[in-house]
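Nothing in this text is a laboratory measurement; each read-out follows from the coordinates by a stated rule. Given the structure is predicted, the values throughout are model-derived calculations rather than measurements. Heads up, the Cβs are rebuilt from the backbone with ideal geometry, glycines too, and the neighbour counts pull from every protein chain shown.
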Amino acid sequence: MPAKTINGKELGQKLREAMTGEVTQLREEGIVPHLTVIIVGDNPASKSYVNGKKKASAQTGISSDVIEMPASVSQEELLKKIEELNNEKAVHGILVQLPLPDHINEQLVIESISPYKDVDGFHPVNIGKMMTGDDAFLPCTPYGIITMLHSYNIPIAGKHAVVLGRSNIVGKPVGQLLLKENATVTYCHSKTENLFEYTRSADILIAAIGKPNMISGEHIKDGAVIIDVGINRKEDGSLTGDVDFSSAAEKAAYITPVPKGVGPMTITMLLQNTIKAAKGLSHLGG
Ligand SMILES: NC(=O)C1=CN([C@@H]2O[C@H](COP(=O)(O)OP(=O)(O)OC[C@H]3O[C@@H](n4cnc5c(N)ncnc54)[C@H](OP(=O)(O)O)[C@@H]3O)[C@@H](O)[C@H]2O)C=CC1
Ligand SMILES: Nc1nc(=O)c2c([nH]1)NC[C@@H]1CN(c3ccc(C(=O)N[C@@H](CCC(=O)O)C(=O)O)cc3)C=[N+]21
C-alpha cells in the first residue's frame, strides 16, 4: 500500500496558527517575543532559511530581526555582539546561523549564547538537560520530528528507530528524544558496516546524512516510517532529500517529503522555543 505523506508544511502552519493566541496573550502582558538571527557571510542557501524564519515569525506575531555580518568578521566582534544581545532584555531568542567561516570557533560561539536565549538548543546546558530529561530548549529539527510523529499518532514506544547521522544538531539529539519516547535506538554513520542491514530492520528510519537519494525502497522494511531530514540542492536549484521518495513511498507506511517535510517543522519549533524564552526561563534557574 502506498505510504501516507506526512505534510510538515501543513502541520507547521497549523501549529503556528495555534501559537498566535499565546503570542497575543504575551503581547497583552507587555511582552513582545523577539528573535534575533545572526548570519555571517552571504551564503544564498542560508539567506533562504533566514527569509523563511522571518516570514513565519511575522505570521505568528513574533518580532524578529536579522544581523548580517561579513564573512571576514572577527571572532571577537561576533562574540561582542552576542554578549550585547545576551544583555538586551527585549531579545528573548538568539540564533547564530551555522556553519560559520573557518576562522571562527563554532563551539565557542554556541557556548557564548546565554542558555536562556538558546532557542536552537545547541548550548551544552540545554543538551545536558535534554539528556537527563529536564525541561530545556530542544533542538528544533529533532523536536519537529517528534512533534510530527505525535501529530500523526505514530507509535514510538518499543519500535526500532534507526538514525542515520550523528551530528550534534540532528542525528545525536533525535536519537535521544526517540529513546525518551521508549524506542530502541540504533545510530549509524559513515563508518557503519552493512548499513542497509540496519535500515531494513528499522520501524522508524531517520535519514540525516546529506546524501541525495541514498536510501531507496529496497533499503527499507514494509510498513516503515521514513523521516527524511536531508536537504540537498540539485543543479537545477530544486531540493531533494536523502531518500528516493517514489520508491520508498511504495513500501513505507508514512514518509516525509523534501521540501515541505521536516524543514518547515524546524522553523515552527524555533518559534515555539522563542515563545518559551519570552515566557521566562525559570525552568533553567534564571
Ligand atoms: N530539514 C531541516 O530542518 C534540516 C536539514 N538538515 C540537513 O540534514 C542533513 C544532515 O545535516 P547535519 O546533521 O547537519 O550534517 P553533518 O554533515 O553534520 O552530518 C552528517 C552525518 O551523516 C553521516 N554520514 C555521511 N555520509 C554517510 C554515509 N554514506 N552513510 C552513513 N552515514 C553517513 C556522517 O557520519 P560521520 O559522523 O561518520 O562523518 C554524519 O554523522 C543535511 O542534508 C542538512 O542539509 C540539517 C539541519 C536541519
Ligand atoms: N543555528 C542554526 N540553526 C538551524 O536550525 C540551522 C542552521 N543553523 N543552519 C542550517 C540548517 C538548515 N535548516 C533548515 C531549516 C528549514 C528549512 C526549510 O524550511 N526548508 C524548506 C524549503 C526551503 C527552500 O525552498 O529553500 C522545506 O524543506 O520545505 C531548511 C533548512 C536550519 N538550520
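Relative to the Cα centre, what is the charge dipole magnitude of the chain, using +1 at the beta carbon of each Lys and Arg, -1 at the beta carbon of each Asp and Glu, and rounding to the nearest 20 debye? Don't skip to the answer; put the middle values down first.
Numbers: 28 positive and 32 negative charges, 110 e Å.
So the dipole magnitude of the chain works out to roughly 520 debye.
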> Over what distance in Å are the Cα centres of segment 147-207 and segment 80-101 separated?
Replying inline: 31 Å
> Got a sec? How would T192, T147, T36 order by Cβ neighbour count within 10 Å, fewest to most?
Replying inline: T192, T147, T36
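Over 29 Å between Cα atoms, which of K159/K279; K54/K279; K80/K129 qualify?
Details: K159/K279 35 Å; K54/K279 20 Å; K80/K129 27 Å.
Violating the 29 Å limit, Cα to Cα: K159/K279.
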>> Given axes a ≥ b ≥ c from the Cα gyration tensor, I'd like to know whether segment 30-114 is rounded (a/c under 1.5), prolate (a/b larger than b/c) or oblate.
In response: oblate
>> For H92, H123, H160, which order do you get if you count the other beta carbons within 10 Å of each Cβ and list the fewest first?
In response: H160, H123, H92
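In whole percent, what relative contact order does segment 30-114 give with Cα contacts below 8 Å and a gap of six or more residues? Mind showing how you got there, number by number?
Values: 100 pairs, mean separation 35.7, N = 85.
For segment 30-114, the relative contact order is 42 percent.
Relative contact order for the chain: what percent, with Cα pairs under 8 Å and sequence separation of 6 or more? Show your work: numbers first, answer last.
Numbers: 554 pairs, mean separation 65.3, N = 286.
Value for the chain: 23 percent.
By its C-alpha gyration tensor, with a ≥ b ≥ c as the square roots of the eigenvalues, how is segment 140-263 shaped: rounded for a/c under 1.5, else prolate for a/b larger than b/c, else oblate? Working shown, then result.
Values: a/c = 1.30, a/b = 1.25, b/c = 1.04.
In terms of gyration-tensor shape, rounded.
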>> Compute a Gaussian network model of the chain, connecting alpha carbons closer than 10 Å, and tell me which residue from I154, I113, I62 fluctuates the most.
In response: I154
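Averaging sequence separations of C-alpha pairs under 8 Å and six or more residues apart, then dividing by the length of segment 140-263, give the relative contact order as a whole percent. Can you show the working numbers first?
On the way: 268 pairs, mean separation 26.8, N = 124.
Normalised by residue count, the contact order of segment 140-263 is 22 percent.
To make sure I understand, if each residue's beta carbon is the centre and we count other beta carbons within 10 Å, what order do V109, V163 fall in, fewest to most?
Working: V109 19, V163 30.
The fewest-first ordering by Cβ neighbours comes to V109, V163.
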>> Amide H of S216 versus every other amide H placed in the peptide plane: which residues, excluding those fewer than 5 positions away on the same chain, fall under 5 Å?
In response: D244
> Ordered by residue, what ³J(HN,Hα) values in Hz, to whole numbers, does segment 230-237 give under the Karplus form 6.51 cos²θ - 1.76 cosθ + 1.60, where θ = phi - 60° and Gly and Pro are x?
Replying inline: x, 10, 10, 8, 7, 4, 7, x
